[in-house]
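Just so you know, all these numbers are worked out from the coordinates, no wet-lab data involved. These numbers were taken from a predicted model, which means no experiment stands behind them. Here the Cβ positions follow ideal geometry from the backbone for every residue, glycine too, while neighbour counts run over all protein chains shown.
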Amino acid sequence: MKFFKRTDLVIIVAILAIAAGLYFVYLHSAQGKEVEAKIFYENKLVKVVSLSDGKDYDFSVKGHEDVVFHVYADGSIAFVKSDCPDKVCINAGKQRLSGQSAACLPNGLVLRIAPLEDNLSDPDVVI
Amino acid sequence: MSRTQRLVIVSLFFAVALIISVVENSLPPVPGTIPGVKFGFSNIAVMYVLFFVGKKEAYAVAVLKSVFVFSTRGVIAAFLSLSGGLLSITIMVLLLLIFRDRISYLILSICGAVFHNIGQLIAVSLVYSNFYLLYYFPVLLVAGVVAGVATATLLKIIMPVFKRFRFSNK
C-alpha cells in the first residue's frame, strides 16, 4: 500500500470544493433570515437580543459590566470591550448570520446568533 | 504477531489515544466551533491500530476511549466520541475492503478524519437543534483534511520504526 498517489490530489481538491460549495449554500440560506443574538454565561442563556430594531447601542450583561457588546443598525452584533487578556472575542468581529458565534472564554461569555423561529432553546448541557 | 505482542501494542495505542485526548482537551477551544466537537487528533491512534493490528482491536480502542471520555467529560461527550470513532473506523474498513492496496494511506487517513467529524456532527445534530449543521460542515470537512494529512505524515515517519521493531507485518 502506498502512502500517496497522484490521484489523491483530485480527491482532496474534491473534498475542499464540496466544503467551499456547502459554505456558499450556507451563506445563501442564512442571508435575510430573521435572527436574534443569544448570550450564554457558562452554557446558560442569560440574554436574548433582537437584531432587527435598526438601532445602534451598547449594552452589558448583568454582573459582567467589564464586557460590552454593541448592536449595529445593520443587524449585527459584536464584542467591543472586554477586560480579558487575549481579546479573541473582540477580534471575532461582527456577527449577524445564524450559526455564527463569538466567545469570551476568560469571562465565560458566548455570543451566538440563532434563527428567530428556532424556539428550541439550547439544551443546558456541559460538554 | 503473538497474542501478547498484540495486547501490548493495542494497550500502548490506547494509552497514546488517551494522552492525545487529554492534551487536546486542555487546549482552549477554537472559537466558532461546537463545544465538544474536536478535530479528533486522538483518532490518529485508533487509525494506527486499524492499520497495524486489526479491525476488532480498532473498534475496541474506540469504545474504550469513549468510556474514558464518559468518565472524564460526561455522557454527551462520550456519545460524540463514540459516534465519531465508530463511523470513522467503519468507513476505513469499508474502503480497505473495496480498494485493498489501491488506496493510499493518505486518503484513508483523510477519510477517517473527515468521517470522524461527520459522525460527531450527526451526534451533535441529535443533541442540539439541527440548524447549525450547514455552518459547521464545511469547517469540519477542511479540518478533517488537515487532520488526515497530519496523520498520514506522522504515519510515514513512524512506519519505518514499527517495521524495525517488527510491530508491523505489512
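Points to keep in mind about this one:
- Going from the fewest other Cβ atoms within 10 Å to the most, the residues A:His70, A:His64, A:His28 appear in the order A:His28, A:His70, A:His64.
- About its Cα centre, the range B:3-164 has a charge dipole of approximately 520 debye under the convention of +1 per Lys or Arg Cβ and -1 per Asp or Glu Cβ, with nothing else charged.
- Whole-number D in µm²/s for the protein assembly as shown (Stokes-Einstein; Kirkwood sum over Cα pairs; 4 °C, 1.567 mPa s): 62 µm²/s
- Dipole of the protein assembly as shown computed with +1 at Lys/Arg Cβ and -1 at Asp/Glu Cβ about the Cα centre; of B:Val93, B:Ala62, B:Met1, farthest Cα towards the positive end is B:Met1.
- Straight-distance crosslink candidates among lysines, where the alpha carbon sits under 21 Å from B:Lys163 and sequence neighbours closer than 8 are dropped: A:Lys2, B:Lys55
- Estimated inter-spin distance, A:Lys94 and A:Phe59, nm [label 7 Å along Cα→Cβ]: 1.9 nm
- Distance from the range A:25-44 to the range B:86-129 (C-alpha centre basis), Å: 29 Å
- Viscosity 1.002 mPa s, 20 °C: Kirkwood-radius Stokes-Einstein D of chain A over Cα pairs, µm²/s: 130 µm²/s
- Think of it this way: in the protein assembly as shown, A:Cys84, B:Cys111 stand alone, with no other Cys Cβ under 4.7 Å.
- Virtual paramagnetic centre 7 Å along Cα→Cβ of B:Arg102, amide N under 16 Å, in the range B:55-78: none
- Dividing the radius of gyration of the alpha carbons in the range B:3-164 by their Kirkwood radius gives 0.96 for Rg/Rh.
- Mean residue ellipticity (222 nm) of chain A, computed from DSSP H runs ≥ 4 via -39,500 (n - 2.57), nearest 500: -7500 deg cm²/dmol
- Shielding of peptide B:137-143 by partners, expressed as the average count of other chain Cβ atoms within 10 Å per residue Cβ, is 5.
- When only Cα pairs below 8 angstrom with a gap of at least 6 residues are kept, chain A shows a relative contact order of 23 percent.
- Counting Cβ atoms of other protein chains within 10 Å of each residue's Cβ and taking the mean over peptide A:95-104 gives 3.
- Calculated FRET efficiency for the pair B:Phe70/A:Lys81, C-beta based, R₀ 35 Å, to 0.05: 0.30
- Exercise: per-residue mean of other protein chain Cβ atoms within 10 Å, B:100-106: 5
- Charge dipole (the protein assembly as shown, unit charges on Cβ, about Cα centre) - positive-most of A:Tyr26, A:Asn43, A:Phe79: A:Tyr26
- For A:Lys94, a cut-off of 28 angstrom between C-alpha atoms picks up these lysines, skipping any fewer than 8 places away in its own chain: A:Lys33, A:Lys38, A:Lys44, A:Lys47, A:Lys55, A:Lys62, A:Lys81, B:Lys38.
- If a spin label sat at a point 7 angstrom from the Cα of B:Arg164 along the line to its beta carbon, no backbone N atom of the range A:1-16 would be nearer than 19 Å.
- 9 Å beta-carbon shell around A:Asn107, net charge (K/R +1, D/E -1): -2
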